[in-house]
Amino acid sequence: MTSQDDDSDTDTPVQLLTRVSRRLAVVALAAVAFVGTAVASNAAVGLDSASQQSLSVPRWLYVATGGAVIGASALLASFVTDRRFVASIHSWRRFLTDGRTLRRGARVGLSVLGVVLLPLVVLRGLTGPQVPTVNFALVLVFAGMRAGFTMATYLFGNAWPSLNPWRTIAEFAPNGFVSYPERFGRWPAVGGLLALVWVETTTGVTSLPSVLATTIAVYSVVTTVGAILVGPDEWFEFVDPVSVFFAFYGRVAPLTWTREGLELHLPGMRLVEEEFVDGLDDVAFVVALVWELTFSGFVTTAAGASFVELVAGVGLPPLLVYVVLYLGGFAAFVGLYVLAANVAADYLPTYRSARELAVWFAPPLLAIAAGYHLAHYFAFFVSLLPTLVTVLGSPFSPPPNPLVLTLPAWFGSLNIAFVLLGHLFAIWVAHSIAYERFPSRVQAIRSQYSFVLVMMLYTALSLWLISLPTAPPAFL
Amino acid sequence: MTNTHTTSTGESVSDAPDAAYICATCGQAYPTETLLIHHRGIRHPDDLSETELEQYHEAYAEEEATLRRFRIIALGGIVLLYFGFLFMYAVFAL
Amino acid sequence: MTQPYSVSRRSVLRTLALGGVGSLAGCLGGFETQSAWRDPPLVENRPNAVYLPAITEGMKMYGRKTAGPYGVALTYSYPHRFWTLTGAERTKTPVRSQDSIHLMVSLWDEKTGTVLPLDAGVAIEITRGDELVTQEVAYPMLSQQMGFHYGANYALDGEGEYTATVRVGGVSLNRTGSFAGRFERAERVAFDFTFDTDDLYDVDIRRLGDRQGTRDAIAPMEMGFPIGRAPDTDSLPGQHLGSQTSGDAVFDTFVVEDGSRFGVEQSYLYVSARTPYNQIIVPMMGLDATLTRDGEQLLDRTLARTLDPTVGYHYGTPVDTVESGDVVELSVDVAPQVARHDGYETAFFEMPPMRFRS
């Protein structure tokens, strides 16, 4: 006889789930419906630069509702106490195909594509029209990779290891002359990610194709030399921020190649199963993914721009303000998360250290990051899709007049749905992780309190940011 | 059994204080006896002795009672949240 | 970082998404393709005056030819938004998704170099081989970069060889001096050109950053042909009654005592109107003048739009005499019916009357 049989005398999982999900849906829908009108009108108002007072819902209430939705979902998730049911969700899997040929073919195809596209990006960035919306390099890198490919990575699966042109090059070259010092962990990737986002925000790579091309050329040299020195496996697993970026986002995705073949999971559930986050470096990377979207969201709002102007008005150089804001905000995000782990370690009867708890509960943040990314980039990607297709179709002959897709007004409310959805997944993943790791279910529920609070804070912040009118960042 | 295929990350016994309750099967340490009983009940159901099994059932029933209390409080919280927000929307958004 | 020319996420969204386009036309329910340059954001709080736009584009030339008395140059730039004026109504002409290029015709008298603003009558017909690609009237237009020209956005059929046939209608304006009797005939002139997008993108784009919105104008590009500058007021004949500004246009009023040079028997009262900063002619106005002496109104007449080899495009009328102490009042009945590029669309629009004292 096993423990699971005892659960059945309270609620059948199906009954419970039905009840829970119905309530969850009602709460979430109510929030989205109410809040949707707030933001849709808000976006239009913001564009007309008219007063912000015409919101149908006060912004604080909208933000609070978002936080409450997360809190309520956490409470609802805690109603699900059937270990077997929880486990059955995240361990569900289907083998789609063993497709060795398919896999090998896709790998070769993607490698070739990557190796062709990289020089093309640099070439067209330097020689193509220096007009962002039509330049092959800019459109491919930002609409294609930063938005589209990243979305595909967490929605479907991670194809970057095959596409990665630098890996392909390094694998063909003699490599592995130095052994990678293990104690560095993934810290270089954390630094690299922060540096890349910094470059993206401040140097004009999003508007000046030649600057983008130069940056990519420099990045290529560094990456290729590094990968050849320490060997591509170590380099792309620990050092290269782009590869770690896609690898982490790829954990959210339902599809993955295993030894047996292509495996399908429920979305986000591989975050529970796999112990790929195993140190504070990984925690920092995950938090950096959440932070970079929050940061770029903040500095491009009118409120963010005027904040920077205000602080710079005191006499500080604007770039310093940005550095402090950027690194300080990141430190605050990490600090907040580590604090939550410390608090949990304190109030829980456990010998688990705060560090261990931080590592355990970091993967759910990836679902949050994916939700943010979708909220930030989905509309951008869809509207630039026609240009992306044109530019990819004729890299050497830019369109005379780039086309974009207009978006209906309700598209704005999708952003809220994406942010909330990311958090709901995160809540469930955290719940499942707690059930996997703690022997007592009461303890498992209580372990999530502080983390849920942090998540509510992140949601509130993020919902607030996407509701603000946008403005070009100050001084950049 | 689906949930036994993942094992908790190891926490070495030496890290734990002397007063710890240590699992005889896998060596994990727990600060209370109840937690150890839960652990053994879930992770090593086949290794349980008669007494342990009985202890586990007792602990489980007690946990179930705690969970029931928790659910009532949580439900209260949700109701409070729901009506609180309904009220706030009525006041501020209409 | 200016908006439509950046691929940063927010800038693109700001330009086209979520309610922004909804206000343009009811038909845009969503998921339609449109030009990324359809309607770039404007400078916030545009003054009702000439101002520096957010972005300015340069231009390049496909050719320069002579057709009868006319000098004709065909220049091009990116397709862009412009504004037309019908009576007192300003209409925005956004970039359509099929537009490939903004073609411009500059037209001047080959003999004197005077730019010729025809009220109507410049059209461009674009053919490829024997096939007509597009045919459209080019609007008389004012632009800070390009001065006075005729222009419109044209839809081409991809890259390749085209022929642009510019049709110039005759001039129906008053003509004085050596211009009398000239510019009667309509002319046609054809330009062969190769449309190459890489070449188009060599046209320079400047973002004006913090300067945008200030009351100033970009200096026009000099490409070796007249761009429609009004002559220096010092060089204009007659007695200068003064210079006044209305709707940000500069009006200089003169009286020539012996009007025979302008084909009139009495004196000749004329007004030269120009843009501030660049001194480009402001044509196609309905301009009324009254002359008051000791409280008695001696004249109330609409000034005739006139072309003259030395004065250039001006507004003039015969008048008996203008004595010291006389008051000339100018009122703009019809704002300049000339299309405008960004930076000129809010100026020369609401134009209060002006008083000049002799």
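The values are calculated or read from the model by the stated rules, or taken from the named source; none is laboratory data. Treat the numbers as computed from the prediction; the structure is a model and nothing was measured. Counting neighbours? That spans all protein chains shown, and the Cβs are built from the backbone with ideal geometry, glycine included.
Within the stretch A:107-122, one or more residues are more than 14 Å from chain B (Cβ to nearest Cβ) and under 18 Å from A:E260 (Cβ atoms).
The set of residues in the stretch C:216-254 that are under 20 Å from C:L116 (Cβ atoms), more than 15 Å from the chain's Cα centre (by Cα) and in a loop (DSSP other than H, G, I, E, B) comprises C:E222, C:M223, C:G224, C:F225, C:P231, C:D232, C:L236. Evaluate the stretch A:302-318: report whether one residue or more is in a strand (DSSP E or B) and closer than 24 Å to A:L420 by Cβ. No: zero hits. Inside the stretch A:57-74, residues that are over 15 Å from A:V454 (Cα atoms) and either within 7 Å of chain B (Cβ to nearest Cβ) or modelled with pLDDT of 90 or more (or both) make up a count of 4.
Quick check, is B:L81 over 24 Å from A:A87 (Cα atoms) and either hydrophobic (A, V, I, L, M, F, W, C) or in contact (Cβ under 8 Å) with a residue 60 or more places away in the chain (or both)? Talk me through it step by step, then tell me what you get.
Numbers: over 24 Å from A:A87 (Cα atoms): yes; either hydrophobic (A, V, I, L, M, F, W, C) or in contact (Cβ under 8 Å) with a residue 60 or more places away in the chain (or both): yes.
Spelling it out, B:L81 is indeed over 24 Å from A:A87 (Cα atoms) and either hydrophobic (A, V, I, L, M, F, W, C) or in contact (Cβ under 8 Å) with a residue 60 or more places away in the chain (or both).
When the residues of the stretch C:194-215 are filtered to those that are surrounded by 19 or more Cβ atoms within 10 Å (Cβ to Cβ) and not in a loop (DSSP other than H, G, I, E, B), the one that is farthest from the other protein chains (Cβ to nearest Cβ) is C:F195. Per the listing A:A460, A:A474, A:A379, the residue uniquely within 14 Å of chain C (Cβ to nearest Cβ) and closer than 30 Å to A:L316 by Cα is A:A474.
For the stretch A:195-242, how many residues meet the condition of being in contact with an Asp or Glu (Cβ under 8 Å, 6 or more places away or on another chain), among the β-branched types (V, I, T) and in a helix (DSSP H, G or I)?
Restricting attention to the stretch A:195-242, the residues satisfying the condition of being in contact with an Asp or Glu (Cβ under 8 Å, 6 or more places away or on another chain) are A:197, A:206, A:223, A:226-227, A:232.
If we keep only those that are among the β-branched types (V, I, T) too, we end up with A:197, A:206, A:223.
Among the residues that remain, those that are also in a helix (DSSP H, G or I) are: A:197, A:223.
Result for the stretch A:195-242: 2.
Does at least one position in the stretch A:364-375 carry a residue that is within 22 Å of the chain's Cα centre (by Cα), part of a helix (DSSP H, G or I) and under 20 Å from B:H39 (Cβ atoms)? Scanning the stretch A:364-375, I find no residue that is within 22 Å of the chain's Cα centre (by Cα), part of a helix (DSSP H, G or I) and under 20 Å from B:H39 (Cβ atoms), so the answer is no. For the stretch A:457-469, the condition holds for at least one residue, the condition being that it is surrounded by fewer than 24 Cβ atoms within 10 Å (Cβ to Cβ) and outside any helix (DSSP H, G or I).
The C-beta contact set for the stretch B:34-51 (first residue more than 9 Å from chain A (Cβ to nearest Cβ), second residue assigned to a helix (DSSP H, G or I), distance under 9 angstrom, 6+ apart or interchain) comprises B:D47/B:R40; B:L48/B:R40; B:L48/B:G41; B:L48/B:Q55; B:L48/B:Y56.
Within the group A:V190, A:V218, A:V199, which residue is within 25 Å of A:G279 (Cβ to Cβ) and in the same structural domain as A:V112 (by TED's automatic domain parsing)?
Values: A:V218 fails: within 25 Å of A:G279 (Cβ to Cβ); A:V199 fails: within 25 Å of A:G279 (Cβ to Cβ).
One residue alone meets the criteria, A:V190.
B:M1 falls short on exactly one of the conditions (1) crowded, with 17+ Cβ neighbours inside 10 Å; (2) over 19 Å from A:V442 (Cα atoms); (3) at pLDDT below 60, and that condition is (1).
Counting the residues of the stretch A:299-321 that are over 20 Å from A:L465 (Cβ atoms) and either small (G, A, S) or outside the structural domain of A:T470 (by TED's automatic domain parsing) (or both) gives 3. With a requirement of 1 or more residues that are without any contact (Cβ under 8 Å) to a residue 40 or more places away in the chain and either surrounded by fewer than 22 Cβ atoms within 10 Å (Cβ to Cβ) or among the polar types (S, T, N, Q) (or both), the strands (runs of 3 or more DSSP E) lying completely within the stretch C:268-358 that satisfy it span C:286-293, C:296-302, C:327-334.
Just one of (1) away from every other protein chain (no Cβ under 14 Å); (2) closer than 22 Å to C:I280 by Cβ; (3) in a loop (DSSP other than H, G, I, E, B) trips up C:G170, so point out which. Evaluating C:G170 over (1) away from every other protein chain (no Cβ under 14 Å); (2) closer than 22 Å to C:I280 by Cβ; (3) in a loop (DSSP other than H, G, I, E, B) leaves (2) as the failure.
This table checks each residue for (1) crowded, with 22+ Cβ neighbours inside 10 Å; (2) touching a helix residue (DSSP H, G or I) at 6+ places or on another chain (Cβ under 8 Å).
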{"site": "A:A312", "(1), (2)": "no, yes"}
{"site": "A:G315", "(1), (2)": "no, no"}
{"site": "A:G328", "(1), (2)": "no, no"}
{"site": "A:A344", "(1), (2)": "yes, yes"}
{"site": "A:Y351", "(1), (2)": "no, yes"}
{"site": "A:A358", "(1), (2)": "yes, yes"}
{"site": "A:A362", "(1), (2)": "yes, yes"}
{"site": "A:L365", "(1), (2)": "yes, yes"}
{"site": "A:H376", "(1), (2)": "yes, yes"}
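When A:S432, A:S440, A:S397 are checked against the criterion of being hydroxyl-bearing (S, T, Y), farther than 30 Å from A:Y322 by Cβ and surrounded by fewer than 21 Cβ atoms within 10 Å (Cβ to Cβ), a single residue qualifies: A:S397.
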